[in-house]
1. Which condition from (1) more than 28 Å from residue A:5 (Cα to Cα); (2) at pLDDT 95 or above is the one that residue C:83 breaks?
2. Taking the range A:59-74 as the region of interest, how many residues are crowded, with 19+ Cβ neighbours inside 10 Å, within 12 Å of chain C (Cβ to nearest Cβ) and of a type outside the set (D, E, K, R)?
3. Starting from residues that are facing chain A (nearest Cβ under 7 Å) and of a type outside the set (A, V, I, L, M, F, W, C), keep the ones in the range B:75-94 and report whichever is surrounded by the fewest Cβ atoms within 10 Å (Cβ to Cβ).
4. Restricting the range B:1-31 to residues that are part of a strand (DSSP E or B), modelled with pLDDT of 95 or more and within 12 Å of chain C (Cβ to nearest Cβ), which is farthest from residue B:62 (Cα to Cα)?
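The values are calculated or read from the model by the stated rules, or taken from the named source; none is laboratory data. Since the structure is predicted, the reported quantities are computational estimates derived from the model, not experimental observations. Virtual Cβ from ideal backbone geometry, glycine too; neighbours counted across all protein chains shown.
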Amino acid sequence: MKLLRVYFGEKEKHRGRPLFEYLTRLAYEEGMKGVTVFKGVMGFGEKRHVHRSDFFSISADLPMVVEIFDTDEKIATFIEKVKELKFDGLVVVLDAEGFHM
Amino acid sequence: MKLLRVYFGEKEKHRGRPLFEYLTRLAYEEGMKGVTVFKGVMGFGEKRHVHRSDFFSISADLPMVVEIFDTDEKIATFIEKVKELKFDGLVVVLDAEGFHM
Amino acid sequence: MKLLRVYFGEKEKHRGRPLFEYLTRLAYEEGMKGVTVFKGVMGFGEKRHVHRSDFFSISADLPMVVEIFDTDEKIATFIEKVKELKFDGLVVVLDAEGFHM
């Protein structure tokens, strides 16, 4: 089993709608179980490395993470679909065990 | 060492009290160290797979996760206690290293 | 690759500034990519194990976690810098795979 975490800024959109909504719906349609979305209070990614005096204003675009727990195969398939999208973000995969209550 | 993550909806209760309070207190009584509770902004679990036009209203019951870092043995014991409870949720265990400051 | 999670209370400070700001800036200066800060809704750590009747008031100092994804080497270097600081907290490291979009 894998725990997938997809990180991006809350302003990221896909076809005019928030990316987190798109990813959540995609996960739903793919039959994934155990999808959770968290919003952070600050963050920066690979492409937001601009130094500026008002450093902490970079958090205006708050980070979000969509987290999905599923089989290795379903996570791999989902990642392929994520790769087709265009956004600044980060994809992290962790080995995990677990079960639904 | 293990990092345990227990996911459920914020409306889940145990004996009339919020489940996250029960789990946090249980962790405290079991002598666990390093317990953190996060609230998500959206999510769905195994049993909330009902398709409806107002898809995103499913987030009315916001997801929560109780996260505990401890030894393999203490996490295993805690999971046995979690299994005795009745709630819709997800239990995920990750191998981890770490230390207290 | 590693996923680092550093947990502490939001009231922790370093040189008069919030610890989460210091850690985020340090990560930025070290060239880390993929830094996200989350705030929890409740938690306790190793040194807050005081039993009291108003148990849940311990959450007045809300937990925070600074999460960083980077190479094993850069995470190890960052952890050495974290160890030089003084705060009540928890450092957790997870094996991870991933990529930037």
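1. (1)
2. Selection size over the range A:59-74: 3.
3. Among those that are facing chain A (nearest Cβ under 7 Å) and of a type outside the set (A, V, I, L, M, F, W, C), it is B:88.
4. So the residue we want is B:2.
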